[in-house]
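Participant: This is the structure, below, for whatever I ask next.
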Amino acid sequence: MADSLAHVTSKAQFDDLLKSSSIVVVDFYADWCAPCKQIAPLYASLADKISRPGLLTFAKVDNDKNQDIASEYGVTALPTFLLFRDGKVIHEVQGANPVELKAVLEKLAQEVGMLAEDLASGSTWKGAEIPRGYRDVTDEVEIKGCELLNADDDAGPVQVLFDSSKPSALDQGKSTSKDWVQSGSDDQLLLFIPFQSTIKLHTLQITSFPPEGDSDVSRPGVVHLFINRTSNMDFGEAEDAEPTQAITLEPKDWNSDGTANVSLRFVKFQKTTTLTVFVQKGDGEAETVRIDRIKLIGEAGVKRDMGKLQKVDDEE
């Protein structure tokens, strides 16, 4: 067998394996099982090609010698391949089905490859989990073309919103560097974001850390999104126009890292060249609203010529 395969000999070892790797693929087999022997070379070959230490691990469990494990996960036929993510079964392939097994594992390899890239960057901070099958496309933002209206000059510039580092408010308990933006005269903000490519936008992540004990600063409460505008809107236009999607954020939507993970109506954001984020009001009676980070999750397309920014009609 290939060295990339972990051979499980006990329940304790199996449990430790599930904790030590983000994704674990397990082959339940028996020495007397002819189909198991038939597909074993393919399984070993795939393990050699796409396993990643700590990310994607391949294991084999002798069903006859580990009945406690087989019973716990309801293995009743051999071979059975179980795919675990964060210790939970996410997929099952039953029988010697090389086509299905290969297709499932190749998709997993793609996801793990993106995860490995994120980890390799080192400085990348995640305010919330990225949905499976998508990636952080914040690097597609054309920073120079971004514009923020009603911004408080005493806070940070618009580009801090797209910084990949952990917000200083989370790291230190309070903000000592101006790595956030805040509204000026009231609790509204208008943010225009152009992209270097036409993207498919799946999720918007907003991070906000109002100072503790300061009732004058709030998180965003009502947010309207518009796509494919050629320039920023004014506040009157933003109030009157029909948004691509309207979002109301409640206290329960914010996680312990101060991030709201907003799922978008994906069909409406398939060909997004620009995004306008209109914070219509904060989440309470505060006079100003604050945003520390914005992350955009989806799929990137072909790079565009930013000198020829053109409007693309919304698609339902």
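Participant: Please name which of 201, 231, 220 has its Cα lying farthest along the dipole of the chain towards the positive end, using unit charges on Cβ (Lys, Arg +1; Asp, Glu -1) and the Cα centre as origin.
Facilitator: Positive-most Cα among the choices belongs to 201.
Participant: Also, quick follow-up: With θ taken as phi - 60° and the coefficients 6.51, -1.76 and 1.60, list the Karplus ³J(HN,Hα) couplings across region 268-281 in order, rounded to whole Hz; mark glycine and proline as x.
Facilitator: With the stated coefficients, region 268-281 comes to 7, 10, 6, 10, 9, 9, 9, 10, 10, 10, 10, 7, 6, 7 Hz.
Participant: Pairing the Cα long axis of helix 34-50 with the longest principal axis of the chain, what angle in degrees results, from 0 to 90 and rounded to the nearest 10?
Facilitator: The two axes meet at around 40 degrees.
Participant: Sorted by accessible area with a 1.4 angstrom probe, largest first, how do 91, 202 fall? Could the numbers behind the result be given before it?
Facilitator: Values: 91 70, 202 35 Å².
The ordering from most to least exposed comes out as 91, 202.
Participant: Name the most mobile residue of 155, 169, 12, meaning the one with the largest mean-square fluctuation, in a Gaussian network model of the chain with Cα contacts below 10 Å.
Facilitator: For the chain, modelled as a Gaussian network with Cα springs under 10 Å, the answer is 12.
Participant: Sticking with this one: For the chain, give the share of DSSP beta bridges that are antiparallel, in percent and rounded to the nearest 5; count only bridges with both residues there.
Facilitator: On the way: 54 of 67 bridges.
In the chain, approximately 80 percent of DSSP beta bridges are antiparallel ones.
Participant: How big is the dipole moment of the chain about its Cα centre under a simple scheme where the beta carbon of each Lys and Arg is +1, that of each Asp and Glu is -1, and everything else is neutral? Debye, nearest 20, please. List each step's numbers first, then the result.
Facilitator: On the way: 33 positive and 52 negative charges, 266 e Å.
Approximately 1280 debye in magnitude.
Participant: Distance between Cα centroids, region 254-278 to region 36-84: provide it in whole Å.
Facilitator: One Cα centre to the other: 38 Å.
Participant: Let me ask something additional. Given a 1.4 Å probe, how much area per residue of the chain is accessible, in Å²?
Facilitator: I get 48 Å² per residue for the chain.
Participant: Here's a follow-up. What number results when the radius of gyration of region 1-48, computed over Cα atoms, is divided by 2.2 N^0.38 Å? It would help to have the intermediate numbers written out before the result.
Facilitator: Working: Rg = 11.6 Å, N = 48, 2.2 N^0.38 = 9.6 Å.
Expressed relative to 2.2 N^0.38 Å, the Cα Rg reads 1.21.
Participant: Also, I was wondering about something else. Rank 76, 272, 230 by mean-square fluctuation in a GNM of the chain with C-alpha springs under 10 angstrom and give only the top-ranked residue.
Facilitator: The residue with the greatest mean-square fluctuation here is 76.
Participant: Residue 195 accessible area, nearest 10 Å², 1.4 Å probe?
Facilitator: In the full protein context, residue 195 sits at about 0 Å².
Participant: Hey, another quick one. Quick one: if the Förster radius is 45 Å, what FRET efficiency do residue 38 and residue 142 give, using the C-beta to C-beta distance and rounding to 0.05? Don't skip to the answer; put the middle values down first.
Facilitator: Numbers: r = 53 Å, r/R0 = 1.17.
My answer for the efficiency is 0.30.
Participant: Using a 1.4 Å probe, how large is the accessible area of residue 146, given in Å² and rounded to the nearest 10?
Facilitator: For residue 146, solvent-accessible area is about 20 Å².
Participant: Expressed as a whole percentage, what fraction of the accessible surface of the chain belongs to carbon and sulfur atoms when a 1.4 Å probe is rolled over the protein heavy atoms? All intermediate terms of the calculation are to be shown ahead of the outcome.
Facilitator: Values: 7190 of 15280 Å².
Carbon-and-sulfur percentage of accessible area, whole number: 47.
Participant: How about the chain: what cysteines have no other cysteine beta carbon under 4.7 Å from their own?
Facilitator: 146
Participant: Follow-up question, since we're still on this one. Suppose R0 equals 22 Å; then what is the FRET efficiency for residue 107 and residue 86 from their Cβ-Cβ distance, rounded to the nearest 0.05? Could you put the intermediate results ahead of the total?
Facilitator: Values: r = 17 Å, r/R0 = 0.78.
Approximately 0.80, to the nearest 0.05.
Participant: At a probe radius of 1.4 Å, what is the per-residue accessible area of residue 149, in Å² to the nearest 10?
Facilitator: About 50 Å², ignoring ligands and nucleic acids.
Participant: A follow-up question, please. Leaving ligands and nucleic acids out of the surface, order 11, 295 by accessible area at 1.4 Å, largest first. Working shown, then result.
Facilitator: Values: 11 60, 295 15 Å².
The ranking, largest first, comes out as 11, 295.
Participant: Compute the Rg to Rh ratio over the chain from the alpha carbon atoms, using the Kirkwood formula for Rh, and round to two decimal places. Could you put the intermediate results ahead of the total?
Facilitator: On the way: Rg = 24.1 Å, Rh = 22.2 Å.
Ratio of gyration radius to Kirkwood radius: 1.09.
The values are calculated or read from the model by the stated rules, or taken from the named source; none is laboratory data. Being a predicted model, the structure only gives us computed values, none of them experimental. For neighbour counting, all protein chains shown are included, and Cβ atoms are generated from backbone atoms with ideal geometry for every residue, glycine included. Accessible surface areas use protein heavy atoms only, side chains included; no ligands, DNA or RNA. Shrake-Rupley method; radii C 1.70, N 1.55, O 1.52, S 1.80 Å.
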